[in-house]
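Let me begin by presenting the structure, written as structure tokens, before commenting on it.
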Amino acid sequence: MIMFQQDLLTVRRLELEDVHLLERWLSDPAVLEFYEGRDRPHDRALVMGNFYSKEDDEETRCIIEYDDEAIGYIQFYPLDDEGREVYDYSDVPGDIYGMDQFIGEPKFWNRGIGTKLIEATVNFLFNEKHAVKVVMDPQTWNVRALRVYDKCGFKRVKLLEKNEWHEGELRDCWLIERNR
């Protein structure tokens, strides 16, 4: 099921037939350096457990296609009460969405596709899901991703110290947000 399209970019729901894509991308050290960590390659069992066995949560899991080629993964979800509390959004009225994504085909890196993806997804969340705010928590050292988010109008709100386990240590992240 297609969630949205913009020019050559398509975001569609994750299907069981996509398991081999996630398995390939999440066992590539170049991708893992930025998503999950090179010490955490995914085999089929780990992909199935992390991306397909969560029936009751509110994450929308999708495949990113560019010019009809599957190139990556994106998920978005309304922040639950715990997430709102951790990020100091308990008193913010309306739906706040979080999102996570990666381009799993390195040949598509540094071509402006990430910027198009973030802009299109944020517009979808504001216009179709009626989000009042979209948030992410990228690791502070991921300069390429932070440049994309800056270009797309996200603001750094709060340093989240030792927030995410990555390659054997807890890494600092930025809480970033874009308001409707």
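The values are calculated or read from the model by the stated rules, or taken from the named source; none is laboratory data. Computed from a predicted model, the values in this text were never measured in an experiment. So basically every Cβ, Gly included, is an ideal-geometry build from the backbone, and we count neighbours across all protein chains shown. Calculation scope for accessible area: heavy atoms of the full protein, side chains included, ligands and nucleic acids excluded. Shrake-Rupley method; radii C 1.70, N 1.55, O 1.52, S 1.80 Å.
Table: residues versus (1) modelled with pLDDT under 95; (2) aliphatic (A, V, I, L, M); (3) loosely packed, with under 14 Cβ neighbours inside 10 Å; (4) part of a strand (DSSP E or B).
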{"residue": "Phe4", "(1), (2), (3), (4)": "no, no, no, yes"}
{"residue": "Val31", "(1), (2), (3), (4)": "yes, yes, no, no"}
{"residue": "His42", "(1), (2), (3), (4)": "yes, no, no, no"}
{"residue": "Ser53", "(1), (2), (3), (4)": "yes, no, yes, no"}
{"residue": "Asp57", "(1), (2), (3), (4)": "yes, no, yes, no"}
{"residue": "Tyr89", "(1), (2), (3), (4)": "no, no, no, no"}
{"residue": "Met99", "(1), (2), (3), (4)": "no, yes, no, yes"}
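Could you please find all residues in segment 147-180 being open to solvent by less than 80 Å² (accessible area, probe 1.4 Å) and among the charged types (D, E, K, R)?
Within segment 147-180, Asp150, Lys158, Glu164, Glu167, Arg171, Asp172, Glu177, Arg178 meet the criteria.
How many residues, within segment 126-144, are within 13 Å of the chain's Cα centre (by Cα) and modelled with pLDDT of 95 or more?
Count: 5.
Residues of segment 6-28 being assigned to a helix (DSSP H, G or I) and open to solvent by 80 Å² or more (accessible area, probe 1.4 Å), which ones?
Leu16, Glu17, His20, Arg24
Can Thr121 be described as under 19 Å from Ile2 (Cβ atoms), among the hydroxyl-bearing types (Ser, Thr, Tyr), under 13 Å from the mean Cα position of the chain (by Cα) and in a helix (DSSP H, G or I)? Break it down stepwise before answering.
Values: under 19 Å from Ile2 (Cβ atoms): yes; among the hydroxyl-bearing types (Ser, Thr, Tyr): yes; under 13 Å from the mean Cα position of the chain (by Cα): yes; in a helix (DSSP H, G or I): yes.
Here the answer is yes, as Thr121 does meet what is asked.
Could you please let me know if Gly114 is at pLDDT below 95 and not polar (S, T, N, Q)?
No; evaluated as a whole, the condition is false for this residue.
Which ones in segment 24-41 are over 26 Å from Glu119 (Cβ atoms) and over 17 Å from the mean Cα position of the chain (by Cα)?
Arg24, Ser27, Pro29, Arg38, Asp39, Arg40, Pro41
Each row is one residue, and each column tells you yes or no for (1) in contact with a Lys or Arg (Cβ under 9 Å, 6 or more places away or on another chain); (2) surrounded by 15 or more Cβ atoms within 10 Å (Cβ to Cβ).
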| position | (1), (2) |
| --- | --- |
| Asp68 | no, no |
| Asn110 | yes, no |
| Gly114 | yes, yes |
| Val122 | yes, yes |
| Ala145 | no, yes |
